[in-house]
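Here the structure is laid out as structure tokens; the discussion comes afterwards.
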Amino acid sequence: MGMQAALHLIYPPQCLTCDALVTTDFGLCGHCWRETPFVTGLVCDQCGVPLPGEDSGQPEHCDDCLTIARPWSQGRAAMLYKDNARRMVLALKHGDRLDLARPAAGWMLRAAQPLLVPGMLVAPIPLHWLRLIKRRYNQAALLSGALAKMAGLDHCPDLLIRQRYTGSQEGRDRDSRFANLATALTVHPRRANRVEGRHILLVDDVMTSGVTFAAAAEACIAAGASGVSVLALARVAKDG
Ligand SMILES: [Zn+2]
Ligand SMILES: [Zn+2]
């Protein structure tokens, strides 16, 4: 009997979001799996939002991505930001359930398959240092670190830095939010040599309008990245 099997006799693996026992580690029971809105089927190739229709193998784009300039090439999300997915994101964000980072990164890796290219550098969207002190960790960095490890890609947790406090994004319109962020996110001067000529995979816990990813992607491209793709654990969808 292996160590893992022996441990399971003492501590049978539990569902990530309820008390039910499950047969594998880092999994959900059948009920919670059905209650978790994983993104499946046809999605927008650039932002990962689900689209109606069948996957024809050709990249499709949503109305937002056809009208808003997105400075990245492809994007995906593992889940929609609602129901059980929203609860998991909040539990991770508030530090109650850091153990969710690894299974969540596994689901993100599955969603990210069409995005992965050899030599890609994985980097999280940073928290501002004031918030980092308050929260003690960056949940996006936990996800990007676990994901990079599983995918066998390089990880740079401090690739991007926030130059100044951007305050709350609430109550601002899209242009003002972008202006607020665009000057705030920049490539760490000591990490610029890692960006040059490489494709960057930016990771965040939640993607809403995409302004944060846009600002981060602009910063990477300004620092010489050959391209940028984006990956979120959960995507806020308008009709969600
Ligand atoms: Zn469950
Ligand atoms: Zn889109």
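Among T17, T36, which is the only one that is among the polar types (S, T, N, Q), touching a residue at least 60 places away in the same chain (Cβ under 8 Å) and under 15 Å from L233 (Cβ atoms)?
On the way: T36 fails: touching a residue at least 60 places away in the same chain (Cβ under 8 Å).
Answer to the check: T17.
Can you find a residue in the stretch 122-131 that is modelled with pLDDT under 95, open to solvent by 20 Å² or more (accessible area, probe 1.4 Å), touching a strand residue (DSSP E or B) at 6+ places or on another chain (Cβ under 8 Å) and under 25 Å from V49 (Cβ atoms)?
yes
Can you spot a residue in the stretch 51-62 that is touching a Ser or Thr at 6+ places or on another chain (Cβ under 9 Å) and either in contact (Cβ under 8 Å) with a residue 40 or more places away in the chain or more than 10 Å from ligand 2 (Cβ to nearest atom) (or both)? Reasoning before the result, please.
Pass one, the stretch 51-62, residues touching a Ser or Thr at 6+ places or on another chain (Cβ under 9 Å): none.
No: the stretch 51-62 contains no residue that is touching a Ser or Thr at 6+ places or on another chain (Cβ under 9 Å) and either in contact (Cβ under 8 Å) with a residue 40 or more places away in the chain or more than 10 Å from ligand 2 (Cβ to nearest atom) (or both).
Among the residues of the stretch 214-223, what is the count of those that are under 12 Å from L160 (Cα atoms) and open to solvent by less than 20 Å² (accessible area, probe 1.4 Å)?
Number satisfying all stated conditions: 5.
Considering only residues that are buried (at least 21 other Cβ atoms within 10 Å of the Cβ) and part of a loop (DSSP other than H, G, I, E, B), which ones fall in the stretch 224-240?
Initially, the stretch 224-240 is screened for residues buried (at least 21 other Cβ atoms within 10 Å of the Cβ), giving 225, 228-235.
Within the stretch 224-240, just A225 meets the criteria.
Give the residues of the stretch 137-166 that are open to solvent by 50 Å² or more (accessible area, probe 1.4 Å) and part of a helix (DSSP H, G or I), sorted by residue number.
Across the stretch 137-166, the qualifying residues are L142, K149, M150.
So which residues in the stretch 197-209 are of a type outside the set (A, V, I, L, M, F, W, C) and modelled with pLDDT of 95 or more, if there are any at all? Reasoning before the result, please.
Applying the first criterion (of a type outside the set (A, V, I, L, M, F, W, C)) to the stretch 197-209 yields 197-199, 204-205, 208-209.
Passing the criteria: G197, R198, H199, D204, D205.
What is the number of the single condition among (1) within 24 Å of T40 (Cα to Cα); (2) open to solvent by 30 Å² or more (accessible area, probe 1.4 Å); (3) assigned to a helix (DSSP H, G or I) that K134 does not meet?
Going through the list (1) within 24 Å of T40 (Cα to Cα); (2) open to solvent by 30 Å² or more (accessible area, probe 1.4 Å); (3) assigned to a helix (DSSP H, G or I), K134 breaks only (1).
Consider G95 against the criteria (1) farther than 30 Å from A222 by Cβ; (2) touching a residue at least 24 places away in the same chain (Cβ under 8 Å); (3) not in a loop (DSSP other than H, G, I, E, B): it satisfies all of them except one. Which criterion is unmet?
The failed condition is (3).
The values are calculated or read from the model by the stated rules, or taken from the named source; none is laboratory data. Only a predicted model underlies this, so the values are computations on that prediction, with no experimental measurement involved. Because the Cβ atoms are built from the backbone with ideal geometry, glycine has one as well, and the counts that use them run over all protein chains shown. All accessible areas refer to the heavy atoms of the entire protein, side chains included, with ligands and DNA or RNA removed. Shrake-Rupley method; radii C 1.70, N 1.55, O 1.52, S 1.80 Å.
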